[in-house]
Structures are given as structure tokens and as C-alpha cells.
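The values are calculated or read from the model by the stated rules, or taken from the named source; none is laboratory data. All values derive from a computational prediction rather than experimental measurement. In this analysis, Cβ positions are derived from the backbone assuming ideal geometry, glycine residues included, and neighbour counts consider all displayed protein chains. With ligands, DNA and RNA removed, areas are computed over all heavy atoms of the protein, side chains included. Shrake-Rupley method; radii C 1.70, N 1.55, O 1.52, S 1.80 Å.
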Amino acid sequence: MTAAREASPTFGPLVVGVATGQSDVVVEQARALATRLGTQLICAWVDAGRYVIDELRDGNVRSMPIDPDMGDERHSGVPANLLAQLSRLLGPEHDSWSTRELAGDPARALGRLAEVVDASMIVVGTRRAGMTGSVQEMFNGSVAVHLAHRQHRPVVVIPLDPIPFERPLPWEDT
């Protein structure tokens, strides 16, 4: 064997998109993958109601609300209930995992963070089946699809509510 094959590869961190109300499965699967690869997990929360005014070296951003009438008083970073969920699933925040606060279009924000931290891959969950998810996906497109077509890192999609092959997909005619 050559020396290159004997040396174990080093993996950059895994970026996982997280959201309030999201199934635990996405973070659990991302954690399992990061553990297997021996790398850090970065849990990235994107506030789509804000836009970036400054990007920090660690990938976090400073942002302002899109609607100027909203003011900035209610902005307090990653929601407390999401931080509590992450702590419950991953333990106290330390070297094995961290959070990043992002703003704007979720696919662009996750792709940019992956670039900044030189991530090995990006992990996202699917939307649960249903009319709301289907309508959102029809107008905005899937975050996973946008990532797969607009950046060069692998995208791992965690299915949340798989539909059997015998049933139509939510956007298909019946």
C-alpha cells in the first residue's frame, strides 16, 4: 500500500441545517455521521426573515430584519427552544459540536457556511409530507436540490416521512 492510502483522511466539519420544530432524526443522523468520520458537527440555523450585513470569521453573521418595521429588539440569535433541543440531543456545546447563526436564503446560507468552514458535507432534512410543505417547495424549491446544484460538497438528505413507492409524491397528480 502507498503511504497516501495508509494515512487516514481528515474530514472537515459537517454542517447540518437545523430549525425549530424539526425532527430529532436529522440531528441524530448528522451526529452519528460526524462521529463515524471523527469530525465536528456544526448546527446551522438560518433566519430567512433577515439579511446579512457582516460575515464573521467563524461563519456566524450579523444581520438585519428584511422588514424595517420589525426592529431589531426581538432578535436574540438561535432560538432558546432550538438550543435546548440540540443540548438534549448532543450534550453540552463543546468541541464536538457548535452552532452558527445565519440569515437569508437557507440554501445560500448553508452553502456559504460550508465554504467558510471547509465542510466535508452538508446535512439537511426533508420536509414532512403535506400541503404546506408541498406548496412551499413548489414556490421556493427544495433546500437540498438548491444545494446539490449550486455548490460542490456532498449533500446528505435525511428522510423525515418517507412515502412508499406505491403512493404518489405530494406534488404528483393522483
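Taking amide H positions as modeled 1.01 Å from N, with prolines and chain starts lacking one, the residues under 5 Å from residue 63 and 5 or more places away or on another chain are 53. Based on C-alpha pairs under 8 angstrom that are at least 6 apart in sequence, the range 9-122 has a relative contact order of 39 percent. Exposure check, 1.4 Å probe, all protein chains in place: residue 163 carries approximately 40 Å² of accessible surface. Highest mean packing comes first when the peptides 55-67, 26-38 are listed by Cβ atoms within 10 Å, giving 26-38, 55-67.
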